[in-house]
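Participant: After the structure tokens below, expect a handful of questions from me.
The values are calculated or read from the model by the stated rules, or taken from the named source; none is laboratory data. Keep in mind it's a predicted model, so treat the numbers as computed, not measured. We place every Cβ from the backbone using ideal geometry, glycine too, and count neighbours over all the protein chains shown. In case anyone asks, the SASA skips ligands and DNA or RNA and just uses the protein heavy atoms, side chains included. Shrake-Rupley method; radii C 1.70, N 1.55, O 1.52, S 1.80 Å.
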Amino acid sequence: MPEINNVAILVCGVSSMVLGAIWYSPPVFGRVWQRAVGLSDEAMAAGSMAMIFGLAFVLSLAAALAVSVLLGPRPELRPAIAISTSIGLFCVAASFGISYLFERRRLSLWLINGGYHVAQFTLFGLILGLLG
């Protein structure tokens, strides 16, 4: 079993949620994102927010754990940031881009969602590099 820094993984998960709260807030990208996905205010209010946020947190922890395993124990800061940013950009955002092209989704939606995940994974690298 690889050496895992559970505190760093938890901080990554929390940072992901804080970043999302800011990124998808109405004054930042929230309203543009909501229009791009076609969700009304009523539809937004209808979802089970506890379940959505709970599962998003668990998935963020899983992503952080995977990055931690890839980086290895006590990664150096600069390579940790470079590698995790590359994962966000070239794996996650690129995969979104492929799907969005076939789904005929708006470029703005890809920039918002892809940008969030690039920032999320960059944060993971920063945290894992600092706390590793």
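Participant: Counting only residues that are loosely packed, with under 12 Cβ neighbours inside 10 Å and among the small types (Gly, Ala, Ser), which one in the stretch 40-60 is nearest to Leu70 (Cα to Cα)?
Facilitator: Selected residue: Gly54.
Participant: Considering each of Ser95, Ser16 in turn, give the residue that is within 22 Å of Thr122 (Cα to Cα), modelled with pLDDT of 95 or more and exposed (fewer than 13 other Cβ atoms within 10 Å of the Cβ).
Facilitator: Working: Ser16 fails: exposed (fewer than 13 other Cβ atoms within 10 Å of the Cβ).
Unique residue meeting the criteria: Ser95.
Participant: Shifting gears a bit: Suppose we filter Ala62, Ala94 for residues that are within 25 Å of Leu130 (Cβ to Cβ) and among the small types (Gly, Ala, Ser); which single one remains?
Facilitator: Working: Ala94 fails: within 25 Å of Leu130 (Cβ to Cβ).
Among Ala62, Ala94, only Ala62 is within 25 Å of Leu130 (Cβ to Cβ) and among the small types (Gly, Ala, Ser).
Participant: Working carefully through the options Ala45, Ala21, Ala8, Ala36, find the one that is under 18 Å from the mean Cα position of the chain (by Cα), part of a helix (DSSP H, G or I) and under 22 Å from Asn113 (Cβ atoms).
Facilitator: Matching residue, one of Ala45, Ala21, Ala8, Ala36: Ala21.
Participant: I've got another one for you. Could you list all residues from the stretch 19-39 that are touching a residue at least 12 places away in the same chain (Cβ under 8 Å) and open to solvent by 70 Å² or more (accessible area, probe 1.4 Å)? Please lay out each step first, then the result.
Facilitator: Narrowing the stretch 19-39 to residues touching a residue at least 12 places away in the same chain (Cβ under 8 Å): 19-20, 23-24, 29, 32-33, 36-37.
Phe29 - this is the single residue of the stretch 19-39 that is touching a residue at least 12 places away in the same chain (Cβ under 8 Å) and open to solvent by 70 Å² or more (accessible area, probe 1.4 Å).
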